[in-house]
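These notes are about the structure you will find just below.
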Amino acid sequence: MLTVPETYKDLLTDEKKAYLFLATTMKDGTPQVTPVWFNTDGEHILINSAAGRIKDKNMRARPTIALCITDPANPYRYLQIKGKVVEFTTEGADEHIDKLSFKYRGTEKYGNRKPGEQRVTYKIQPIKIDAH
């Protein structure tokens with residue numbers, strides 16, 4: 001179960017539509033940050049990307065990550081999470097990106113797929129959570 005203070009749990013709901021800023025590590029040790037859509041399964045943070053993108057390559061090679069989830073109404077109210085990618089899968093990933101598209105855009109299908117694109121869902125296990 002995600003151990004998030006009660007007063008910050010709203011940041012994890014579909015209603016809040018908070019963005020997650022994902023920090024991964026490049027091969028040369030430098031950080032790479034990307035804003036992404038997310039949801040949770042109650043225990044993990046779930047994100048989705050296309051296979052072969054920089055964040056995909058980084059998370060596969062170096063699964064220790066950091067992320068920040070900001071309140072859309074107040075960016076100084078946020079959760080900072082250090083974690084580890086514990087699973088990545090293509091199974092159900094198309095359905096997952098459609099679910100995220102509904103959360104963030106209100107559309108039943110994700111409309112930005114490229115021909116031949118393979119979607120991937122990543123499960124991130126939080127190791128440390130700080131609320132600010």
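Computed from the coordinates by the stated procedures, all read-outs in this text should not be read as laboratory data. Keep in mind that this is a model prediction, so the values were computed, not measured.
Below is a table of values for the structure above.
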read-out	value
Pairs of Cα atoms farther than 22 Å apart, region 6-131, %	33 percent
Built amide H within the under 5 Å cut-off of ASP14, gap 5+	none
Prolate/oblate/rounded call for region 82-132, Cα gyration tensor, a/c under 1.5 rounded	oblate
Inter-centroid distance (Cα atoms) of region 106-122 relative to region 63-91, Å	20 Å
